[in-house]
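Notes to accompany the following structure.
The values are calculated or read from the model by the stated rules, or taken from the named source; none is laboratory data. Computed from a predicted model, the values in this text were never measured in an experiment. No Cβ is skipped: glycine too gets one built from the backbone with ideal geometry, and neighbour counts run over all protein chains shown.
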Amino acid sequence: MAENFDPKPAPSRQALRTRFFWFVAGAGVNYLLISIPFKWLKAHTDLPTWGLAASSLAVSSTFFFVWNYFINFRTDTRKRDALPRYIAAVACMWALSTGLLTFLKSHDFHFAVSVGRFPIDLDIVATQFFLSGLKFFLYHKWVFPLPKDPA
């Protein structure tokens, strides 16, 4: 009797919905990694607005570079092959985020929301919101693509 045995193991990949869930969860952590350094630098330094934005976004970009590349890498693409695309995507998103956050902070629209005792910085939320689609596309379709299903 012959057994039905498939010698190929199932591909190790996350479903798109799982990746999307972690992408949204990461947005909350990303907010904290941008807003806390921004507020601290604003209170303790005399940096211009673009310097505050660039520095606080550098904290977030560095954390997520290490997290996504070394810990959360979940595709069949080799890390060595994805590294140049990942560095390009991180640099692009850092530059766009810095420019947009600087613009929003320079033009104070007086939008504020508080959740209990915690004020929410809507400039940072808007920066993440406006660039999230591009960021999701870059990271999940270009940098770390899911393998194509066989026809």
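Do any residues in the stretch 36-56 that are farther than 20 Å from residue 125 by Cα have Cβ atoms under 9 Å from those of residues that are surrounded by 15 or more Cβ atoms within 10 Å (Cβ to Cβ), where the two are at least six apart or on different chains, and which pairs are they?
Partner pairs satisfying both residue conditions: 45/52; 45/55; 47/41; 47/54; 47/55; 48/102.
Surrounded by 12 or more Cβ atoms within 10 Å (Cβ to Cβ) and at pLDDT 90 or above: is that true of residue 82 in this structure?
Considered against the rule, which asks whether it is surrounded by 12 or more Cβ atoms within 10 Å (Cβ to Cβ) and at pLDDT 90 or above, residue 82 comes out as no.
Would you tally the residues in the stretch 101-145 being outside any helix (DSSP H, G or I), more than 21 Å from residue 50 (Cα to Cα) and among the aromatic types (Phe, Trp, Tyr)?
Summing the residues that are outside any helix (DSSP H, G or I), more than 21 Å from residue 50 (Cα to Cα) and among the aromatic types (Phe, Trp, Tyr) in the stretch 101-145 gives 2.
Only one of 67, 94 is under 19 Å from the mean Cα position of the chain (by Cα), in a helix (DSSP H, G or I) and surrounded by fewer than 14 Cβ atoms within 10 Å (Cβ to Cβ). Can you tell me which?
67
In this structure, is residue 115 hydrophobic (A, V, I, L, M, F, W, C) and more than 16 Å from the chain's Cα centre (by Cα)?
When the stated conditions are applied, residue 115 passes them.
Residue under question is residue 33, and the condition is that it be part of a helix (DSSP H, G or I), surrounded by 15 or more Cβ atoms within 10 Å (Cβ to Cβ) and under 12 Å from the mean Cα position of the chain (by Cα); does it hold?
In short, yes.
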